[in-house]
1. When the stretch 108-133 is examined, which residues are found to be part of a helix (DSSP H, G or I) and either touching a residue at least 40 places away in the same chain (Cβ under 8 Å) or surrounded by 15 or more Cβ atoms within 10 Å (Cβ to Cβ) (or both)?
2. Is there any pair with a first residue in the stretch 1-22 that is closer than 17 Å to GLU130 by Cβ and a second that is of a type in the set (Phe, Trp, Tyr) and surrounded by 14 or more Cβ atoms within 10 Å (Cβ to Cβ) whose Cβ atoms are under 6 Å apart and which are 6 or more apart or on different chains, and what are they?
3. Every residue in the stretch 34-43 that is part of a helix (DSSP H, G or I) and surrounded by fewer than 14 Cβ atoms within 10 Å (Cβ to Cβ), please.
4. Scanning the stretch 14-33 for residues that are more than 14 Å from GLU45 (Cα to Cα) and in contact with a helix residue (DSSP H, G or I) (Cβ under 9 Å, 6 or more places away or on another chain), which turns out surrounded by the most Cβ atoms within 10 Å (Cβ to Cβ)?
5. Check THR81, THR90 and return the single one that is more than 29 Å from LEU53 (Cβ to Cβ) and among the β-branched types (Val, Ile, Thr).
6. Taking LEU98, is it exposed (fewer than 15 other Cβ atoms within 10 Å of the Cβ) and touching a residue at least 40 places away in the same chain (Cβ under 8 Å)?
7. For the subset of the stretch 134-151 comprising residues that are in contact with a Lys or Arg (Cβ under 8 Å, 6 or more places away or on another chain) and not in a loop (DSSP other than H, G, I, E, B), which member is farthest from GLN84 (Cα to Cα)?
8. Do we have LYS70 as charged (D, E, K, R), surrounded by fewer than 14 Cβ atoms within 10 Å (Cβ to Cβ), closer than 30 Å to LYS99 by Cα and at pLDDT 95 or above here?
Amino acid sequence: MKYRQLTKEQFQELHEEFARFLASQKIDAKEWQTIKRDKPEMAEEELNIFSDLVWDDVLSKSEFIEHYSKSSINLFKCQDTLIQRIMVKTNDSTVNFLKKDGLEWLSKNAGSASLEYFYAKKDYSKDRNEELFDLIEKGGIMTKGHLYTSLVEIIKKE
């Protein structure tokens, strides 16, 4: 398995897609019930294959990932061959980027002396989607990139 198996909730959301996936394998609903009952290892493998297909599709379309902590924000622009990163860090202990007012504070105080900005870019050290998946598993969230785009204007690095 390349990634991790989808959660029960994710499978429920994707039940129609999973049914089509099984149909493409010539497995109908009745046969699926038999496989789950009599060949649980085969059922698990089908779930794993489907999960990898879903993750690959979602990750391939991902352009931006954000990761927040109390005192820093990491923003990633995920291109085909390289990943760009903007990190915003504050030494003001009253600011908490995990809360809405922390982001509001950032938008009003982008030039504050308590903020540091870092920019870096690198080629992927392994498969692009696997690196993005690692970021997500560590708490990153896929976004539309609004904050990245705004901050790139501030630091003028792209």
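The values are calculated or read from the model by the stated rules, or taken from the named source; none is laboratory data. This one's a predicted model, so the numbers in the text were calculated from it and none came from an experiment. So basically every Cβ, Gly included, is an ideal-geometry build from the backbone, and we count neighbours across all protein chains shown.
1. In the first step, residues of the stretch 108-133 are kept if they are part of a helix (DSSP H, G or I); the result is 108, 128-133.
Scanning the stretch 108-133 gives ARG128, ASN129, GLU130, GLU131, LEU132, PHE133.
2. TYR3/TRP55; TYR3/PHE133
3. First, the residues of the stretch 34-43 that are part of a helix (DSSP H, G or I): 34-38, 40-43.
Within the stretch 34-43, THR34, ARG37, ASP38, PRO40, GLU41, MET42 qualify.
4. Applying the filter and picking the extreme gives LEU14.
5. Numbers: THR81 fails: more than 29 Å from LEU53 (Cβ to Cβ).
Residue meeting the stated conditions: THR90.
6. Working: exposed (fewer than 15 other Cβ atoms within 10 Å of the Cβ): yes; touching a residue at least 40 places away in the same chain (Cβ under 8 Å): no.
Criteria not met by LEU98.
7. Of all residues in the stretch 134-151, those in contact with a Lys or Arg (Cβ under 8 Å, 6 or more places away or on another chain) come to 137, 145, 148.
From the residues that got through so far, the ones that are not in a loop (DSSP other than H, G, I, E, B) too are 137, 148.
Working: GLU137: 18, TYR148: 10 Å.
Only one residue tops the list, namely GLU137.
8. Working: charged (D, E, K, R): yes; surrounded by fewer than 14 Cβ atoms within 10 Å (Cβ to Cβ): yes; closer than 30 Å to LYS99 by Cα: yes; at pLDDT 95 or above: yes.
Here the answer is yes, as LYS70 does meet what is asked.
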